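Shown next, in structure tokens, is the structure this report addresses.
The values are calculated or read from the model by the stated rules, or taken from the named source; none is laboratory data. What you see is a predicted model, and the numbers here were worked out from it, not measured in a lab. So basically every Cβ, Gly included, is an ideal-geometry build from the backbone, and we count neighbours across all protein chains shown. For the accessible areas, the whole protein counts, side chains as well, though only heavy atoms, and no ligand, DNA or RNA atoms are used. Shrake-Rupley method; radii C 1.70, N 1.55, O 1.52, S 1.80 Å.
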Amino acid sequence: MIFNGVDFDTYFNDYPDKDGYFGPYGGVFVDENLKKAMAEITDAYYSICQSRKFIAELRRIRAEFQGRPTPISHLERLSDSLGGKVQLYAKREDLNHSGAHKLNHCMGEALLAKYMGKKKVIAETGAGQHGVALATAAAYFGLACDIYMGAVDIKKQAPNVARMKVLGANVVEVTHGLQTLKEAVDAAFEAYSKEYENAIYCIGSVLGPHPFPMMVRDFQSVVGIEAREQFLDMTGHLPNAIVACVGGGSNAAGLFSGFLNDPVDIYGVEPLGRGAKLGDHAASLTFGSEGVMHGFNSIMLKDENGEPAPVYSIASGLDYPSSGPEHAFLMDLGRVKYDVIDDDESVDAFYKLSRLEGIIPAIESSHALAYGMKLAKTMDHGSVLINLSGRGDKDLDYVIEKYGIR
Ligand SMILES: *Cc1c(COP(=O)(O)O)cnc(C)c1O
């Protein structure tokens, strides 16, 4: 399928190009030392990911440890509640081991580390979800694991800090600046540039310098490949539309990759938070502009000095001031439509799915769900497949405290 000059038959060979670009977005914006490290990972990835042994081992791990394939559930009662003309389905990444899609790329990254002979994985974490997934992978492979985390976040996210420690990770407290995610990213990069011979940096989404946006997408593509096959088996046709929430964009990139070359409408959902004012949301593709941060060029939210702007969302997994370069590219092309859902709509969807289907979704995933429900109301027939990126146990206390039981 050719769409606005891009041939989706050969898309995965063509994008990113050899320098890591999706159209104008992507690249490697780091110092010389880290450029060398990125080139080493790129070379290793291109050769290792072709090897039969690597592919077979990743497949076995996905089946035996992660519990893949995850099912698709037909959301019958939810569909009925919207009038029953349009059928909603959910891809159940909440049933992936450790409760979200993040393990898909963390297991891939850690397996790559093992094949490269590295002894340690390094990452930063904000809310702690990426840290927990990576600590899980490190424990599985017997790798050391340093997770950099701002002191403020460490206080706020005590249960995830405890999980990381139980899993054997070393949680490194970052005490400068605002002591949150931005400082943790800087500290983790700095540590990595000193340790790259022995360690590998593991990014938590389709973000950062090349090859990470490509690698993380490739590891997440299992979601889209499974979903396409399962949906065809269940219904005999493709869904009319697919929907995923977009923070950095990894769960979305995974689902979308299976359907880019199909006549399927694709929607990415960003968090509108409290509203459209800068600082009240994290809808970077919707409100942002082109710029470079954290080692890559994409569309980002900037403050008056051109620095990454403060962002907010009820969903801590979505509050990042940019999104992956591939999403910026797919938006420019018009192949994927990006839109927003606010805190309140996502809380409504959180309760709806819990009450009508017996599934408590992550508040991140609830954004996709809320959008899928809105979309269904505009259609007079057909089906919508929603990526349920994670389970909502982690969000229960906060949602009940702030919104009460609805
Ligand atoms: C981290 C997280 C997200 C957001 O990350 P993406 O890279 O945008 O997918 C979404 N859902 C859940 C459950 C998460 O933990």
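Assorted remarks:
- Extension gain for the segment Q50 to E190, taken as residue separation times 0.36 nm less the Cα-Cα distance, is 47.3 nm to one decimal.
- With 10 Å bins beginning at zero, the pair-distance distribution over Cα atoms of the range 89-209 amounts to 15, 47, 32, 6, 0 %.
- Portion, in percent, of the accessible area of the range 74-232 that falls on carbon or sulfur, probe 1.4 Å: 52 percent
- Full extension of the chain between F12 and D393 yields a length gain of 133.6 nm, computed as 0.36 nm times the residue separation minus the alpha carbon distance.
- For the options V384, V269, V86, a Gaussian network treatment of the chain with springs between C-alpha atoms closer than 10 Å singles out V86 as fluctuating the most.
- P(r) tail for the range 1-99: Cα pairs beyond 24 Å make up 59% of the total.
- Model label zone, R274; criterion: amide N under 12 Å from point 7 Å along Cα-to-beta-carbon; scope the range 295-331: 311-314
- Listed residues E364, E195, E270, most fluctuating in the chain (Gaussian network, C-alpha, under 10 Å): E195
- Estimated FRET transfer efficiency (N305, L333; beta-carbon r; R0 30 Å; 0.05): 0.45
- Highest-MSF residue in the chain out of G358, G27, G279 [GNM, Cα springs under 10 Å]: G358
- Given R0 = 60 Å, the distance between the Cβ atoms of E197 and E229 translates into a calculated FRET efficiency of 0.90.
- Counted residue by residue at 0.36 nm each, then reduced by the alpha carbon distance between them, the extension gain from R355 to A144 reaches 71.8 nm.
- Rough spin-label spacing in nm, given labels placed 7 Å along Cα→Cβ, for A162 and H237: 4.9 nm
- Shape parameters for the range 131-180, alpha-carbon atoms, Rg then Dmax in Å: 10.8, 34
- If R0 is 45 Å, the Cβ-Cβ spacing of D380 and S289 corresponds to a FRET efficiency of close to 0.75.
- Taking all protein chains into account, the per residue accessible area for the chain stands at 39 Å² (1.4 Å probe).
- Net charge over other residues, Cβ less than 12 angstrom from the Cβ of M300 (K, R count +1; D, E count -1): -2
- Net charge of the neighbourhood of G382, taken over other residues with C-beta under 13 Å away and scored Lys/Arg +1, Asp/Glu -1, is 0.
- Summing Cβ point charges (Lys, Arg +1; Asp, Glu -1) relative to the Cα centre of the chain gives a dipole of roughly 1120 debye.
- Estimated at the nearest 10 Å², the accessible area of K277 is 140 Å² with a 1.4 Å probe.
- Set of lysines near K120 by C-alpha distance (under 30 Å), chain-local residues within fewer than 8 positions excluded: K18, K35, K36, K53, K102, K155, K156, K165, K182, K194, K394
- Contact order normalised by residue count of the chain, Cα under 8 Å, 6+ apart, percent: 19 percent
- Divide the volume of the convex hull around the Cα atoms of the chain by the residue count and you get 131 Å³ per residue.
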